[in-house]
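Here is the structure we will look at.
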Amino acid sequence: MDALTLIIDYLFSEMYLRAAGMTLLLTVVAMFFGMLAGLVIAVIQETGNKQLNYIVTTYIWFFRGTPALFQIIFIYNVLPEFGINLSSFMSGALALALHEGAYVSEIMRAGLQSVGKGQRNAARSVGMKEWQVMRHIILPQAIRVIIPPIGNQFIGMLKLSALVSVVAVEELLLVANQAASSNFLYLEALTAAGIYYLVFTTIFMYIQGHIEHWANGGYRPKTLVENAPDTKLIGRTEAR
Amino acid sequence: MSRDPNSSKRNIIEARNVFKSFGDLEVLKDVSLDIAKQETMVIVGPSGSGKSTLIRCFNLLEGIQSGEIRFEGNIIKNIDKDAWKRREEIGMVFQNFELFGHLTVLDNITLAPIVVKGLDKKDAQQKGMALLEKVKIPEKATAFPIELSGGQQQRVAIARSLAMEPKLMLYDEPTSALDPEMVKGVLEVIQQLSQEGMTSVVVTHEMGFARNVADRMVFMDHGRIQENSTADKFFNGQVSDRTRVFLDQILIH
Ligand SMILES: Nc1ncnc2c1ncn2[C@@H]1O[C@H](COP(=O)(O)OP(=O)(O)O)[C@@H](O)[C@H]1O
Ligand SMILES: [Mg+2]
(Lines give C-alpha, C1' and ligand atoms only; values in the text may rest on other atoms or scores of the structure.)
(Ligands and ions follow the chains in the order given, each with its own letter.)
Protein backbone atom coordinates (compact mmCIF):
# COMPACT_ATOMS: atom_id res chain seq x y z
CA MET A 1 0.00 0.00 0.00
CA ASP A 2 1.48 3.40 -0.87
CA ALA A 3 1.46 6.36 1.52
CA LEU A 4 -1.34 8.26 -0.19
CA THR A 5 -3.74 5.34 -0.04
CA LEU A 6 -2.99 4.80 3.63
CA ILE A 7 -3.58 8.46 4.39
CA ILE A 8 -6.93 8.35 2.61
CA ASP A 9 -7.77 5.15 4.43
CA TYR A 10 -6.99 6.82 7.74
CA LEU A 11 -9.00 9.91 6.84
CA PHE A 12 -12.17 7.91 6.34
CA SER A 13 -11.56 5.30 9.01
CA GLU A 14 -14.03 5.13 11.87
CA MET A 15 -11.19 5.66 14.32
CA TYR A 16 -10.19 8.98 12.75
CA LEU A 17 -13.74 10.17 12.19
CA ARG A 18 -14.52 9.60 15.86
CA ALA A 19 -11.31 11.33 16.89
CA ALA A 20 -12.06 14.30 14.66
CA GLY A 21 -15.54 14.46 16.15
CA MET A 22 -14.01 14.39 19.61
CA THR A 23 -11.62 17.23 18.76
CA LEU A 24 -14.51 19.31 17.42
CA LEU A 25 -16.68 18.53 20.43
CA LEU A 26 -13.90 19.46 22.83
CA THR A 27 -13.31 22.71 20.98
CA VAL A 28 -16.95 23.71 20.93
CA VAL A 29 -17.69 22.72 24.52
CA ALA A 30 -14.54 24.38 25.88
CA MET A 31 -15.17 27.53 23.87
CA PHE A 32 -18.81 27.70 24.89
CA PHE A 33 -18.07 27.52 28.59
CA GLY A 34 -14.91 29.56 28.19
CA MET A 35 -16.86 32.39 26.56
CA LEU A 36 -19.52 32.18 29.23
CA ALA A 37 -16.87 32.38 31.95
CA GLY A 38 -15.16 35.21 30.09
CA LEU A 39 -18.38 37.21 29.78
CA VAL A 40 -19.24 36.74 33.45
CA ILE A 41 -15.73 37.84 34.43
CA ALA A 42 -15.89 40.86 32.14
CA VAL A 43 -19.24 41.98 33.55
CA ILE A 44 -17.93 41.53 37.11
CA GLN A 45 -14.85 43.55 36.28
CA GLU A 46 -17.03 46.23 34.69
CA THR A 47 -19.48 46.55 37.57
CA GLY A 48 -16.70 46.55 40.13
CA ASN A 49 -17.95 44.61 43.18
CA LYS A 50 -14.82 44.42 45.33
CA GLN A 51 -15.04 40.86 46.66
CA LEU A 52 -16.06 39.37 43.33
CA ASN A 53 -13.32 41.34 41.64
CA TYR A 54 -10.79 39.84 44.02
CA ILE A 55 -11.93 36.30 43.21
CA VAL A 56 -11.89 37.01 39.51
CA THR A 57 -8.41 38.51 39.66
CA THR A 58 -7.11 35.43 41.44
CA TYR A 59 -8.72 33.19 38.86
CA ILE A 60 -7.15 35.07 35.99
CA TRP A 61 -3.79 35.17 37.74
CA PHE A 62 -3.81 31.39 38.15
CA PHE A 63 -5.05 30.40 34.71
CA ARG A 64 -2.81 32.83 32.86
CA GLY A 65 0.16 32.18 35.06
CA THR A 66 0.36 28.41 34.56
CA PRO A 67 0.62 26.31 31.39
CA ALA A 68 -2.58 24.88 29.95
CA LEU A 69 -0.97 21.45 30.01
CA PHE A 70 -0.35 21.81 33.73
CA GLN A 71 -3.99 22.82 34.28
CA ILE A 72 -5.27 19.77 32.41
CA ILE A 73 -3.08 17.36 34.33
CA PHE A 74 -3.86 19.15 37.59
CA ILE A 75 -7.63 18.96 37.17
CA TYR A 76 -7.52 15.34 36.01
CA ASN A 77 -5.33 14.14 38.87
CA VAL A 78 -6.05 16.45 41.77
CA LEU A 79 -9.83 16.85 41.72
CA PRO A 80 -10.39 13.12 42.49
CA GLU A 81 -8.48 13.67 45.75
CA PHE A 82 -11.30 15.99 46.74
CA GLY A 83 -13.89 13.43 45.79
CA ILE A 84 -14.68 15.01 42.43
CA ASN A 85 -14.41 12.30 39.80
CA LEU A 86 -14.68 13.51 36.25
CA SER A 87 -14.21 11.50 33.08
CA SER A 88 -11.11 12.32 31.10
CA PHE A 89 -13.26 14.18 28.59
CA MET A 90 -14.91 16.23 31.32
CA SER A 91 -11.59 17.04 33.00
CA GLY A 92 -10.05 18.02 29.69
CA ALA A 93 -13.00 20.17 28.63
CA LEU A 94 -13.22 21.81 32.06
CA ALA A 95 -9.51 22.65 32.10
CA LEU A 96 -9.65 24.07 28.59
CA ALA A 97 -12.78 26.09 29.36
CA LEU A 98 -11.32 27.57 32.55
CA HIS A 99 -8.11 28.34 30.74
CA GLU A 100 -10.01 29.96 27.91
CA GLY A 101 -12.18 32.02 30.24
CA ALA A 102 -9.13 33.73 31.66
CA TYR A 103 -8.16 34.95 28.20
CA VAL A 104 -11.58 35.56 26.69
CA SER A 105 -12.54 37.84 29.58
CA GLU A 106 -10.05 40.36 28.26
CA ILE A 107 -11.63 40.26 24.80
CA MET A 108 -15.11 40.59 26.27
CA ARG A 109 -13.98 43.48 28.43
CA ALA A 110 -12.42 45.31 25.52
CA GLY A 111 -15.70 44.80 23.67
CA LEU A 112 -17.84 46.17 26.50
CA GLN A 113 -15.48 49.09 26.96
CA SER A 114 -15.58 49.95 23.27
CA VAL A 115 -18.99 51.46 23.95
CA GLY A 116 -18.19 54.70 25.74
CA LYS A 117 -19.77 56.36 28.75
CA GLY A 118 -21.36 58.94 26.49
CA GLN A 119 -23.60 56.50 24.65
CA ARG A 120 -24.45 54.66 27.87
CA ASN A 121 -25.57 57.90 29.48
CA ALA A 122 -27.50 58.87 26.37
CA ALA A 123 -29.33 55.55 26.60
CA ARG A 124 -30.04 56.11 30.29
CA SER A 125 -31.22 59.64 29.56
CA VAL A 126 -34.05 58.32 27.40
CA GLY A 127 -35.18 56.06 30.23
CA MET A 128 -33.51 52.73 29.53
CA LYS A 129 -32.84 50.47 32.49
CA GLU A 130 -29.33 49.13 33.01
CA TRP A 131 -30.09 45.76 31.41
CA GLN A 132 -31.72 47.48 28.44
CA VAL A 133 -28.62 49.62 27.98
CA MET A 134 -26.57 46.40 28.02
CA ARG A 135 -28.94 44.57 25.68
CA HIS A 136 -29.71 47.30 23.12
CA ILE A 137 -26.68 49.58 23.18
CA ILE A 138 -23.60 47.88 24.60
CA LEU A 139 -23.80 44.24 23.49
CA PRO A 140 -24.76 44.88 19.83
CA GLN A 141 -21.76 47.18 19.44
CA ALA A 142 -19.43 45.13 21.62
CA ILE A 143 -20.10 42.04 19.55
CA ARG A 144 -18.52 43.63 16.48
CA VAL A 145 -15.37 44.17 18.45
CA ILE A 146 -15.50 40.75 20.09
CA ILE A 147 -16.14 38.49 17.11
CA PRO A 148 -12.87 38.78 15.20
CA PRO A 149 -10.65 37.86 18.18
CA ILE A 150 -13.14 35.19 19.31
CA GLY A 151 -12.76 33.58 15.91
CA ASN A 152 -9.02 33.45 16.52
CA GLN A 153 -9.64 31.91 19.92
CA PHE A 154 -11.73 29.17 18.29
CA ILE A 155 -8.90 28.29 15.98
CA GLY A 156 -6.47 28.46 18.89
CA MET A 157 -8.70 26.14 20.92
CA LEU A 158 -8.85 23.60 18.11
CA LYS A 159 -5.10 23.31 18.33
CA LEU A 160 -4.95 23.58 22.09
CA SER A 161 -7.39 20.67 22.42
CA ALA A 162 -4.60 18.33 21.34
CA LEU A 163 -3.13 18.80 24.81
CA VAL A 164 -5.85 16.69 26.39
CA SER A 165 -4.34 13.65 24.70
CA VAL A 166 -2.21 13.48 27.86
CA VAL A 167 -5.24 12.47 29.89
CA ALA A 168 -6.21 9.87 27.30
CA VAL A 169 -9.07 11.64 25.59
CA GLU A 170 -9.36 9.96 22.23
CA GLU A 171 -8.97 13.03 20.09
CA LEU A 172 -7.05 13.44 16.85
CA LEU A 173 -3.51 13.65 18.14
CA LEU A 174 -3.84 10.70 20.50
CA VAL A 175 -5.42 8.52 17.84
CA ALA A 176 -2.82 9.51 15.24
CA ASN A 177 -0.09 8.69 17.70
CA GLN A 178 -1.64 5.33 18.49
CA ALA A 179 -2.03 4.50 14.80
CA ALA A 180 1.57 5.44 14.11
CA SER A 181 3.03 3.49 17.01
CA SER A 182 1.26 0.35 15.87
CA ASN A 183 3.00 0.32 12.48
CA PHE A 184 5.67 3.05 12.76
CA LEU A 185 4.22 4.84 9.71
CA TYR A 186 4.33 8.28 11.34
CA LEU A 187 4.14 10.27 8.10
CA GLU A 188 0.80 8.78 7.08
CA ALA A 189 -0.87 8.76 10.50
CA LEU A 190 0.14 12.34 11.36
CA THR A 191 -0.61 13.69 7.89
CA ALA A 192 -4.15 12.39 8.17
CA ALA A 193 -4.58 14.17 11.52
CA GLY A 194 -2.96 17.33 10.13
CA ILE A 195 -5.42 17.37 7.24
CA TYR A 196 -8.32 17.27 9.67
CA TYR A 197 -6.89 20.17 11.65
CA LEU A 198 -6.36 22.22 8.50
CA VAL A 199 -9.85 21.49 7.19
CA PHE A 200 -11.37 22.55 10.51
CA THR A 201 -9.37 25.76 10.81
CA THR A 202 -10.28 26.64 7.23
CA ILE A 203 -13.95 26.09 7.95
CA PHE A 204 -13.73 28.15 11.15
CA MET A 205 -12.13 31.03 9.29
CA TYR A 206 -14.85 30.89 6.68
CA ILE A 207 -17.62 30.90 9.29
CA GLN A 208 -15.90 33.71 11.17
CA GLY A 209 -15.93 35.85 8.05
CA HIS A 210 -19.64 35.30 7.59
CA ILE A 211 -20.57 36.00 11.19
CA GLU A 212 -18.49 39.15 11.13
CA HIS A 213 -20.33 40.32 8.05
CA TRP A 214 -23.67 39.50 9.67
CA ALA A 215 -22.79 41.27 12.92
CA ASN A 216 -21.97 44.39 10.98
CA GLY A 217 -25.21 44.20 9.06
CA GLY A 218 -23.06 44.48 5.96
CA TYR A 219 -22.05 47.92 7.15
CA ARG A 220 -19.17 48.83 9.35
CA PRO A 221 -19.13 52.33 10.83
CA LYS A 222 -15.63 53.76 10.68
CA THR A 223 -15.49 54.84 14.29
CA LEU A 224 -15.95 51.30 15.48
CA VAL A 225 -12.97 50.16 13.47
CA GLU A 226 -10.87 53.00 14.80
CA ASN A 227 -11.89 52.32 18.38
CA ALA A 228 -11.48 48.57 18.13
CA PRO A 229 -8.88 47.28 20.56
CA ASP A 230 -5.66 45.91 19.17
CA THR A 231 -6.54 42.26 18.99
CA LYS A 232 -2.91 41.32 18.55
CA LEU A 233 -2.25 42.40 22.12
CA ILE A 234 -4.92 40.15 23.54
CA GLY A 235 -4.45 37.21 21.21
CA ARG A 236 -3.30 34.01 22.79
CA THR A 237 -0.13 33.29 20.85
CA GLU A 238 2.52 34.98 22.95
CA ALA A 239 0.79 34.22 26.22
CA ARG A 240 1.29 30.50 26.22
CA MET B 1 -35.02 77.21 53.31
CA SER B 2 -38.77 76.86 53.65
CA ARG B 3 -40.83 75.66 50.80
CA ASP B 4 -44.00 77.15 49.45
CA PRO B 5 -46.38 74.19 48.97
CA ASN B 6 -47.80 75.72 45.80
CA SER B 7 -44.40 76.24 44.24
CA SER B 8 -44.39 72.86 42.56
CA LYS B 9 -47.41 73.84 40.54
CA ARG B 10 -45.28 76.58 39.06
CA ASN B 11 -41.88 74.91 38.99
CA ILE B 12 -40.85 71.72 37.28
CA ILE B 13 -37.49 71.60 39.08
CA GLU B 14 -36.79 72.88 42.56
CA ALA B 15 -33.28 72.42 43.88
CA ARG B 16 -32.54 73.32 47.50
CA ASN B 17 -29.10 73.56 49.10
CA VAL B 18 -27.61 70.95 46.85
CA PHE B 19 -24.09 69.74 47.57
CA LYS B 20 -22.29 67.36 45.30
CA SER B 21 -18.71 66.14 45.31
CA PHE B 22 -16.55 63.72 43.40
CA GLY B 23 -14.32 62.28 46.09
CA ASP B 24 -12.68 65.24 47.77
CA LEU B 25 -13.65 67.65 45.03
CA GLU B 26 -16.72 69.71 45.88
CA VAL B 27 -18.41 70.46 42.59
CA LEU B 28 -21.76 71.89 43.67
CA LYS B 29 -21.88 74.03 46.78
CA ASP B 30 -25.22 74.98 48.27
CA VAL B 31 -27.01 75.30 44.95
CA SER B 32 -30.66 76.35 45.05
CA LEU B 33 -32.53 76.89 41.85
CA ASP B 34 -36.10 76.85 40.52
CA ILE B 35 -37.02 76.15 36.94
CA ALA B 36 -40.50 77.33 36.09
CA LYS B 37 -42.67 75.37 33.70
CA GLN B 38 -42.38 76.53 30.09
CA GLU B 39 -39.41 78.66 31.02
CA THR B 40 -36.13 78.67 29.10
CA MET B 41 -33.12 79.00 31.33
CA VAL B 42 -29.62 79.57 30.02
CA ILE B 43 -26.71 78.65 32.26
CA VAL B 44 -23.32 80.21 31.62
CA GLY B 45 -20.06 80.00 33.50
CA PRO B 46 -16.41 79.07 33.09
CA SER B 47 -15.35 75.55 32.29
CA GLY B 48 -15.29 73.36 35.40
CA SER B 49 -17.76 75.51 37.31
CA GLY B 50 -20.23 72.64 37.66
CA LYS B 51 -22.79 73.43 34.94
CA SER B 52 -22.85 69.91 33.46
CA THR B 53 -22.89 68.28 36.86
CA LEU B 54 -25.84 70.41 37.96
CA ILE B 55 -28.06 69.52 35.03
CA ARG B 56 -26.98 65.87 35.21
CA CYS B 57 -28.32 65.81 38.77
CA PHE B 58 -31.71 66.88 37.41
CA ASN B 59 -32.11 63.68 35.39
CA LEU B 60 -30.25 61.47 37.86
CA LEU B 61 -27.20 60.80 35.75
CA GLU B 62 -25.51 62.00 38.94
CA GLY B 63 -26.62 61.67 42.55
CA ILE B 64 -26.13 64.35 45.18
CA GLN B 65 -24.65 64.26 48.69
CA SER B 66 -27.08 66.56 50.44
CA GLY B 67 -29.89 68.98 49.82
CA GLU B 68 -32.87 68.06 47.73
CA ILE B 69 -34.03 68.27 44.16
CA ARG B 70 -37.69 68.00 43.33
CA PHE B 71 -39.17 67.21 39.95
CA GLU B 72 -42.82 68.20 39.77
CA GLY B 73 -42.80 68.33 43.54
CA ASN B 74 -41.34 64.84 44.05
CA ILE B 75 -37.93 64.47 45.63
CA ILE B 76 -35.20 62.99 43.47
CA LYS B 77 -32.01 62.24 45.22
CA ASN B 78 -30.25 58.97 44.65
CA ILE B 79 -29.57 56.84 41.66
CA ASP B 80 -31.52 53.66 42.30
CA LYS B 81 -33.21 51.09 40.13
CA ASP B 82 -36.15 53.44 39.53
CA ALA B 83 -33.95 56.23 38.18
CA TRP B 84 -35.15 55.43 34.66
CA LYS B 85 -38.64 56.66 35.51
CA ARG B 86 -37.29 60.13 36.13
CA ARG B 87 -34.98 60.09 33.12
CA GLU B 88 -37.82 59.02 30.86
CA GLU B 89 -39.51 62.36 31.48
CA ILE B 90 -36.44 64.52 31.00
CA GLY B 91 -34.64 64.79 27.68
CA MET B 92 -30.93 65.46 27.51
CA VAL B 93 -28.72 66.57 24.65
CA PHE B 94 -24.99 66.12 24.98
CA GLN B 95 -22.04 68.07 23.68
CA ASN B 96 -20.84 65.10 21.61
CA PHE B 97 -24.29 63.98 20.38
CA GLU B 98 -23.78 60.37 21.56
CA LEU B 99 -25.96 58.77 18.91
CA PHE B 100 -26.04 54.97 18.99
CA GLY B 101 -23.46 53.99 16.40
CA HIS B 102 -24.99 50.67 15.36
CA LEU B 103 -28.45 52.08 14.62
CA THR B 104 -29.80 54.15 11.76
CA VAL B 105 -31.05 57.64 12.43
CA LEU B 106 -34.65 56.48 12.60
CA ASP B 107 -33.81 53.55 14.86
CA ASN B 108 -31.90 55.89 17.17
CA ILE B 109 -35.13 57.82 17.59
CA THR B 110 -37.55 54.90 17.89
CA LEU B 111 -35.54 52.60 20.16
CA ALA B 112 -36.52 54.15 23.50
CA PRO B 113 -40.20 54.67 22.65
CA ILE B 114 -40.34 50.99 21.67
CA VAL B 115 -38.34 49.39 24.51
CA VAL B 116 -39.12 51.85 27.31
CA LYS B 117 -42.67 52.93 26.50
CA GLY B 118 -43.72 49.76 24.68
CA LEU B 119 -44.84 51.70 21.64
CA ASP B 120 -45.76 49.75 18.52
CA LYS B 121 -42.91 49.81 16.00
CA LYS B 122 -45.01 51.31 13.20
CA ASP B 123 -46.34 54.08 15.43
CA ALA B 124 -42.86 54.80 16.73
CA GLN B 125 -41.52 55.08 13.20
CA GLN B 126 -44.32 57.36 12.12
CA LYS B 127 -43.65 59.59 15.08
CA GLY B 128 -39.92 59.37 14.45
CA MET B 129 -40.36 60.57 10.87
CA ALA B 130 -42.48 63.50 12.07
CA LEU B 131 -39.69 64.43 14.49
CA LEU B 132 -37.12 64.20 11.71
CA GLU B 133 -39.24 66.64 9.74
CA LYS B 134 -39.26 68.90 12.73
CA VAL B 135 -35.46 68.91 13.02
CA LYS B 136 -35.29 69.22 9.23
CA ILE B 137 -33.47 66.08 8.13
CA PRO B 138 -36.14 63.53 7.12
CA GLU B 139 -33.96 62.47 4.18
CA LYS B 140 -31.39 60.98 6.57
CA ALA B 141 -33.75 58.50 8.23
CA THR B 142 -31.88 55.44 6.97
CA ALA B 143 -28.37 56.84 7.32
CA PHE B 144 -25.98 55.81 10.08
CA PRO B 145 -24.72 58.46 12.52
CA ILE B 146 -21.19 58.29 11.14
CA GLU B 147 -22.50 59.46 7.77
CA LEU B 148 -23.90 62.71 9.17
CA SER B 149 -22.29 66.05 9.90
CA GLY B 150 -22.04 67.13 13.52
CA GLY B 151 -24.93 69.53 13.14
CA GLN B 152 -27.11 66.81 11.66
CA GLN B 153 -26.15 64.38 14.42
CA GLN B 154 -27.07 66.92 17.06
CA ARG B 155 -30.46 67.51 15.49
CA VAL B 156 -31.06 63.75 15.46
CA ALA B 157 -30.04 63.65 19.12
CA ILE B 158 -32.66 66.30 19.87
CA ALA B 159 -35.27 64.28 17.99
CA ARG B 160 -34.24 61.17 19.94
CA SER B 161 -34.96 62.98 23.20
CA LEU B 162 -38.21 64.47 21.94
CA ALA B 163 -39.48 61.03 20.97
CA MET B 164 -39.97 60.29 24.67
CA GLU B 165 -42.19 63.37 24.97
CA PRO B 166 -40.17 64.84 27.81
CA LYS B 167 -41.50 67.53 30.12
CA LEU B 168 -38.09 69.15 30.33
CA MET B 169 -35.17 69.36 27.94
CA LEU B 170 -31.59 69.71 29.15
CA TYR B 171 -28.94 70.81 26.66
CA ASP B 172 -25.30 70.52 27.71
CA GLU B 173 -23.27 72.76 25.42
CA PRO B 174 -25.15 71.47 22.37
CA THR B 175 -23.09 73.46 19.87
CA SER B 176 -19.63 73.45 21.45
CA ALA B 177 -18.42 70.52 19.36
CA LEU B 178 -19.77 71.90 16.08
CA ASP B 179 -18.09 73.67 13.22
CA PRO B 180 -19.27 77.31 13.18
CA GLU B 181 -21.47 76.86 10.10
CA MET B 182 -23.44 74.07 11.83
CA VAL B 183 -24.26 76.01 14.97
CA LYS B 184 -27.13 78.05 13.59
CA GLY B 185 -29.26 75.09 12.46
CA VAL B 186 -29.07 73.45 15.87
CA LEU B 187 -29.80 76.64 17.78
CA GLU B 188 -32.80 77.31 15.56
CA VAL B 189 -34.29 73.95 16.50
CA ILE B 190 -33.73 74.60 20.21
CA GLN B 191 -35.24 78.06 19.89
CA GLN B 192 -38.27 76.78 18.04
CA LEU B 193 -38.93 74.18 20.74
CA SER B 194 -38.51 76.80 23.42
CA GLN B 195 -41.00 79.07 21.68
CA GLU B 196 -43.47 76.21 21.46
CA GLY B 197 -43.37 76.06 25.24
CA MET B 198 -40.84 73.29 25.92
CA THR B 199 -39.27 73.89 29.31
CA SER B 200 -35.57 74.11 28.52
CA VAL B 201 -32.27 74.42 30.33
CA VAL B 202 -29.42 75.29 28.01
CA VAL B 203 -25.77 75.37 29.02
CA THR B 204 -24.09 77.42 26.33
CA HIS B 205 -21.61 80.18 25.57
CA GLU B 206 -23.66 81.48 22.63
CA MET B 207 -24.69 84.82 24.11
CA GLY B 208 -26.57 86.00 21.03
CA PHE B 209 -28.72 82.90 21.22
CA ALA B 210 -29.16 83.31 24.97
CA ARG B 211 -30.42 86.84 24.44
CA ASN B 212 -33.00 85.50 21.97
CA VAL B 213 -34.37 82.58 23.95
CA ALA B 214 -33.64 83.00 27.65
CA ASP B 215 -36.32 83.92 30.14
CA ARG B 216 -33.84 83.49 32.93
CA MET B 217 -30.05 83.65 33.04
CA VAL B 218 -27.90 81.79 35.54
CA PHE B 219 -24.19 82.36 36.00
CA MET B 220 -22.21 79.66 37.81
CA ASP B 221 -18.68 79.85 39.11
CA HIS B 222 -16.75 77.47 41.39
CA GLY B 223 -19.78 75.28 42.01
CA ARG B 224 -22.00 78.14 43.15
CA ILE B 225 -24.76 80.06 41.49
CA GLN B 226 -23.37 83.60 41.39
CA GLU B 227 -26.19 85.18 39.47
CA ASN B 228 -29.76 84.13 38.82
CA SER B 229 -31.86 86.80 37.20
CA THR B 230 -34.35 87.49 34.47
CA ALA B 231 -32.89 87.76 31.02
CA ASP B 232 -33.98 91.39 30.81
CA LYS B 233 -32.01 92.40 33.88
CA PHE B 234 -29.06 90.26 32.89
CA PHE B 235 -28.72 91.71 29.43
CA ASN B 236 -29.36 95.24 30.65
CA GLY B 237 -26.18 94.94 32.65
CA GLN B 238 -27.81 94.66 36.07
CA VAL B 239 -25.33 92.02 37.19
CA SER B 240 -22.70 91.61 39.87
CA ASP B 241 -19.11 92.65 39.15
CA ARG B 242 -18.03 89.04 39.10
CA THR B 243 -20.57 88.14 36.43
CA ARG B 244 -19.57 91.19 34.41
CA VAL B 245 -15.91 90.13 34.41
CA PHE B 246 -16.90 86.73 33.06
CA LEU B 247 -19.24 88.17 30.46
CA ASP B 248 -16.58 90.62 29.26
CA GLN B 249 -14.22 87.68 28.84
CA ILE B 250 -16.51 85.53 26.75
CA LEU B 251 -17.87 88.45 24.75
CA ILE B 252 -14.37 89.40 23.67
CA HIS B 253 -13.85 85.94 22.21
N1 LIG C 1 -17.30 61.98 36.94
C2 LIG C 1 -16.45 62.87 37.50
N3 LIG C 1 -15.50 62.45 38.36
C4 LIG C 1 -14.67 63.34 38.95
N5 LIG C 1 -14.69 64.65 38.73
C6 LIG C 1 -15.63 65.14 37.89
C7 LIG C 1 -16.54 64.27 37.22
N8 LIG C 1 -17.34 65.04 36.44
C9 LIG C 1 -16.94 66.30 36.60
N10 LIG C 1 -15.91 66.39 37.47
C11 LIG C 1 -15.25 67.61 37.92
O12 LIG C 1 -16.23 68.45 38.45
C13 LIG C 1 -15.98 69.80 38.11
C14 LIG C 1 -17.18 70.38 37.41
O15 LIG C 1 -17.32 69.73 36.17
P16 LIG C 1 -18.50 70.06 35.16
O17 LIG C 1 -19.78 69.94 35.87
O18 LIG C 1 -18.29 69.20 33.98
O19 LIG C 1 -18.22 71.60 34.82
P20 LIG C 1 -18.67 72.43 33.56
O21 LIG C 1 -19.74 71.68 32.86
O22 LIG C 1 -19.14 73.73 34.14
O23 LIG C 1 -17.45 72.62 32.73
C24 LIG C 1 -14.72 69.80 37.28
O25 LIG C 1 -13.63 70.11 38.12
C26 LIG C 1 -14.61 68.40 36.79
O27 LIG C 1 -13.27 68.04 36.59
MG1 LIG D 1 -19.74 70.94 30.91
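Just a few scattered comments:
- Residue count for region B:32-66, restricted to those that are open to solvent by 10 Å² or more (accessible area, probe 1.4 Å), away from ligand 1 (no atom under 16 Å from the Cβ) and not in a loop (DSSP other than H, G, I, E, B): 4
- A:Pro148 being within 19 Å of the chain's Cα centre (by Cα), surrounded by fewer than 21 Cβ atoms within 10 Å (Cβ to Cβ) and within 22 Å of A:Gln45 (Cβ to Cβ): yes
- A:Arg18 in a helix (DSSP H, G or I), at pLDDT below 95 and basic (Lys, Arg): no
- Yes/no for B:Ile35 being away from every other protein chain (no Cβ under 14 Å), more than 16 Å from ligand 2 (Cβ to nearest atom), touching a residue at least 24 places away in the same chain (Cβ under 8 Å) and in contact with a Cys (Cβ under 6 Å, 6 or more places away or on another chain): no
- Each residue in region B:193-236 was checked for being open to solvent by 30 Å² or more (accessible area, probe 1.4 Å), away from ligand 1 (no atom under 16 Å from the Cβ) and either more than 25 Å from B:Phe71 (Cα to Cα) or without any contact (Cβ under 8 Å) to a residue 24 or more places away in the chain (or both), and 10 of them qualify.
- Looking at A:Gln178, A:Gln119, A:Gln153, just one residue is more than 17 Å from A:Met35 (Cα to Cα) and either surrounded by fewer than 21 Cβ atoms within 10 Å (Cβ to Cβ) or away from chain B (no Cβ under 14 Å) (or both), and that residue is A:Gln178.
- Selection from region A:21-32 of residues that are open to solvent by 10 Å² or more (accessible area, probe 1.4 Å) and within 13 Å of A:Ser91 (Cα to Cα): A:Val29
- Here A:Ala3 meets each of (1) surrounded by 13 or more Cβ atoms within 10 Å (Cβ to Cβ); (2) in contact with a helix residue (DSSP H, G or I) (Cβ under 9 Å, 6 or more places away or on another chain) with one exception, condition (1).
- Residues of region B:38-73 that turn out to be within 11 Å of ligand 2 (Cβ to nearest atom) and of a type in the set (Lys, Arg), as a count: 2
The values are calculated or read from the model by the stated rules, or taken from the named source; none is laboratory data. Here the structure is a predicted model, which means the values were calculated and not measured. Positions of Cβ are backbone-derived with ideal geometry, glycine not excepted, and every protein chain shown enters the neighbour counts. Only protein heavy atoms, including side chains, enter the accessible area calculation; ligands, DNA and RNA are left aside. Shrake-Rupley method; radii C 1.70, N 1.55, O 1.52, S 1.80 Å.
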